[in-house]
1. Could you please find all residues in segment 124-134 being free of Cβ contacts under 8 Å to residues at least 40 places away in the same chain and within 16 Å of ASP9 (Cα to Cα)?
2. Pull up segment 106-145, narrow it to residues that are among the basic types (Lys, Arg) and surrounded by fewer than 16 Cβ atoms within 10 Å (Cβ to Cβ), then point me to the one that is modelled with the highest pLDDT.
3. Could you list all residues from segment 1-29 that are more than 16 Å from the chain's Cα centre (by Cα) and open to solvent by 30 Å² or more (accessible area, probe 1.4 Å)?
4. Every residue in segment 45-59 that is closer than 22 Å to LEU88 by Cβ and surrounded by fewer than 13 Cβ atoms within 10 Å (Cβ to Cβ), please.
5. I'd like to know if segment 98-105 contains one or more residues that are over 21 Å from VAL6 (Cα atoms), β-branched (Val, Ile, Thr) and open to solvent by less than 30 Å² (accessible area, probe 1.4 Å).
Amino acid sequence: SPTGMVLVDMASRLELDISVFYLDTGYLFPETQQLIQATRERYGIEPVAYRARWSVEAQANEFGQRLWESDPDLCCALRKVEPNARALEGKQAWITGLRHDQAATRTKTSAVEWDAKFELVKINPLVNWIEEQVWDYIRENDVPYNDFLSSGLPSIGCTNCTRAILPDEDPRAGRWAGSDKIECGLHEPEAERMA
């Protein structure tokens, strides 16, 4: 996400010793792969890929073809939530790019929360930023971003579950189009705020 790339840039400028990971669902756009490579080159870091325990083929054999259509929650659980849990094993906190303006499910997100799903502190430093601030920062600091974000895809997920949006649609309307799903399961709206 562009907000995530802002966070990578800020961490680099502050010379923070943090690990950066991403979820390789097996359905990443080529532009997403290009962004990962640009991140390596620009920041001199090696983002760690966490993959589903099921290969794309094994998942299709076990659960049927096009699981993202027949059971999108299960597909996200296998390809995103479980790998994310492995990425966070042994960690005390994780930093995310969640913002209030991204979705109705994120309007009550706090800057610091207890993430009950993954049992650690979740830090959302840019929670009060708006989209315009993110893009101002990206332009001012020449931060790499996914080229698809300029072509009607303001929220990019897996190739199978992402489409361009219409001008009057919510920015996340292109995710899981044709279903009422709006979150993959990584970010539970019921997180507990920390004082």
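The values are calculated or read from the model by the stated rules, or taken from the named source; none is laboratory data. Nothing here was measured: the structure is a model prediction, and the numbers come from that model. Here Cβ is always computed from backbone atoms with ideal geometry, including for glycine, and neighbour counts include all displayed protein chains. In case anyone asks, the SASA skips ligands and DNA or RNA and just uses the protein heavy atoms, side chains included. Shrake-Rupley method; radii C 1.70, N 1.55, O 1.52, S 1.80 Å.
1. Of everything in segment 124-134, those that are free of Cβ contacts under 8 Å to residues at least 40 places away in the same chain and within 16 Å of ASP9 (Cα to Cα) turn out to be ASN124, GLN133.
2. Ranking the qualifying residues of segment 106-145, first place goes to ARG139.
3. Residues satisfying the conditions are MET10, SER12, ARG13, LEU14, GLU15, LEU16, ASP17, ILE18.
4. GLU46, VAL48, ARG53
5. For segment 98-105, residues over 21 Å from VAL6 (Cα atoms), β-branched (Val, Ile, Thr) and open to solvent by less than 30 Å² (accessible area, probe 1.4 Å): absent.
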